[in-house]
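The values are calculated or read from the model by the stated rules, or taken from the named source; none is laboratory data. Computed from a predicted model, the values in this text were never measured in an experiment. Counting neighbours? That spans all protein chains shown, and the Cβs are built from the backbone with ideal geometry, glycine included. Heavy atoms of the whole protein, side chains included, go into the accessibility calculation; ligands, DNA and RNA do not. Shrake-Rupley method; radii C 1.70, N 1.55, O 1.52, S 1.80 Å.
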Amino acid sequence: MVDSPLRVMGLHSITYCPRLFYLEEVEGLQVEDEAVFSGRALHEILEKEEKDAGEIVSMEVGSERLGLTGKVDALRRRNGEIIPYEHKKGRSRKDGKKAQAWPADRIQVCAYGMLLEEALAKPVRECRVRYHADAVTVTLPLDEQARCDVMETLKRAQQLRECIQRPSISKNECQCIKCSLSLVCLPEEERFIEDPDWQPVRLFPPECDRRTLHILEHEARVSKCGDGLSVETPSTGKVEYPVHEIGAVCLHGYGQVTTQALHLCAANEVFVHYFTPGGRYVSTLAPVGIQVQRRIRQYHALADPAFCLELCRRLVMAKVENGLRYMLRAT
């Protein structure tokens, strides 16, 4: 049984795609892309504008009864009533010429309205979503149907948090194109495996602009220096690297890494790999989320003789094909 409260953003995720919800809220996988950062920048600008206008900027709300917690984007007083606002940088949903809120946005802002009712002990009759790409504000009634939809979504989320298996990928390919977790979810790779004739929209992710730092000298010492890593060796002296430019640190041999440097790597999702002087892999410090469900699935899979046999066959065939291609290129 999962006792920790669920984020309201989780209700948004499960309405958009159950697999996205599972990756974020159950396995704890978070990927920040350009869209995430642009959304944060928009909220920072709006927060300043609303402060200057004397509006209530945002508010942390939670409910033990509902098992929900979250932060409302903005609150506004209209005719003596409090109205929660949710800001979205994208466009609204069009039904003919009328603008409507997307289903995931509707569930999210209505959940905030229910939390505000409990926190303020006042009824909330409507919620609003502002879509900045087309400058449209959609008003949503917090009626009995909206409350039932929120509770039904919350029930689905609680059930999914107790499952071991990941939900299947979304049937709507358009949802996967702009999803920040596509690099983890691998929806197009799964579609390609199920249907070899399927034409992928975007099979390979963009190249990572972070570098891999290889430490080869045994006397090397990696330490924290401000917001970066400092590598000191007898041959090169001290060299500093900004941590946001490093994707992984590979230590070959017996170089030392300080605790402060390890904390900095973990906080910035920098992997630290350890190798023996001969190049044999030892272990990895991986700053990732909860892996319980993933481990259980792996153990179940490796306990299946048929699966292990098929996996070995694929590995052998991949090795043979790789060697053959190398020979053909060399000749």
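Within the chain, DSSP assigns beta bridges of which about 65% are antiparallel (rounded to the nearest 5).
Packing here is the average count of other Cβ atoms within 10 Å per residue, and on that basis the peptides 160-166, 315-321, highest first, run 160-166, 315-321.
Backbone phi angles across segment 304-312, fed through the Karplus curve with coefficients 6.51, -1.76 and 1.60 (θ = phi - 60°), yield HN-Hα couplings of 9, x, 5, 5, 4, 5, 5, 5, 5 Hz in residue order; Gly and Pro are listed as x. Annotation: peptides 89-97, 225-233, 116-124, ranked by per-residue average of other Cβ atoms within 10 Å with the highest first, follow the order 225-233, 116-124, 89-97.
For segment 123-167 versus segment 233-288, the inter-centroid distance based on Cα atoms is 43 Å. Go through (i) 75, 51, 41; (ii) 79, 59, 42; (iii) 57, 49, 33 and flag the label whose value is the computed Cα extents along the principal axes in Å for this structure. Answer label, from the structure shown: (i). Beyond 26 Å in Cα-Cα separation lie the following of the pairs K89/K155; K94/K178; K88/K178; K178/K224; K71/K178: K89/K155; K178/K224.
Given a 1.4 Å probe and the protein chains as shown, W102 ends up with an accessible area of around 110 Å².
Model label sites at E162 and E310, defined 7 Å from Cα along the beta-carbon direction, differ in position by 3.0 nm.
Residues whose amide H falls under 5 Å from that of V249, counting only those 5 or more places apart or on a different chain, are L213, F271, V272, H273, with hydrogens built in the peptide plane. Take the Cα radius of gyration of segment 104-228 and divide it by 2.2 N^0.38 Å, N being the number of residues; the result is 1.64.
Judged by the mean number of other Cβ atoms found within 10 Å, the most tightly packed of the peptides 79-87, 13-21 leads the ranking 13-21, 79-87. At the residue level, L183 shows approximately 100 square angstrom of accessible surface with a 1.4 angstrom probe and all protein chains present. In this structure, the amide hydrogen of Q256, modeled 1.01 Å from its nitrogen in the peptide plane, lies closer than 5 angstrom to those of A220, R221, V222, counting only residues at least 5 positions away or on a different chain. Of all beta bridges that DSSP places with both ends in segment 86-169, some 75 percent have antiparallel geometry.
Phi angles of segment 228-238 translate, via the Karplus equation with coefficients 6.51, -1.76, 1.60 and θ = phi - 60°, into HN-Hα couplings of x, 10, 10, 10, 10, 9, x, 7, 10, x, 9 Hz per residue; Gly and Pro are given as x. What whole-number distance in Å separates the alpha-carbon centres of segment 213-228 and segment 76-117? Computed from Cα coordinates, the inter-centre distance equals 49 Å. Helical content of the chain, expressed as a calculated mean residue ellipticity at 222 nm, amounts to -12500 deg cm²/dmol (DSSP H runs of 4 or more residues, -39,500 (n - 2.57) each, divided by residue number, nearest 500).
Converting phi to 3J(HN,Hα) with the Karplus coefficients 6.51, -1.76 and 1.60 and the offset θ = phi - 60°, segment 162-171 yields 9, 8, 9, 7, 5, x, 5, 5, 5, 6 Hz in sequence order, with x at every glycine or proline.
For the chain, the solvent-accessible area of protein heavy atoms averages 62 Å² per residue (probe radius 1.4 Å; ligands and nucleic acids excluded).
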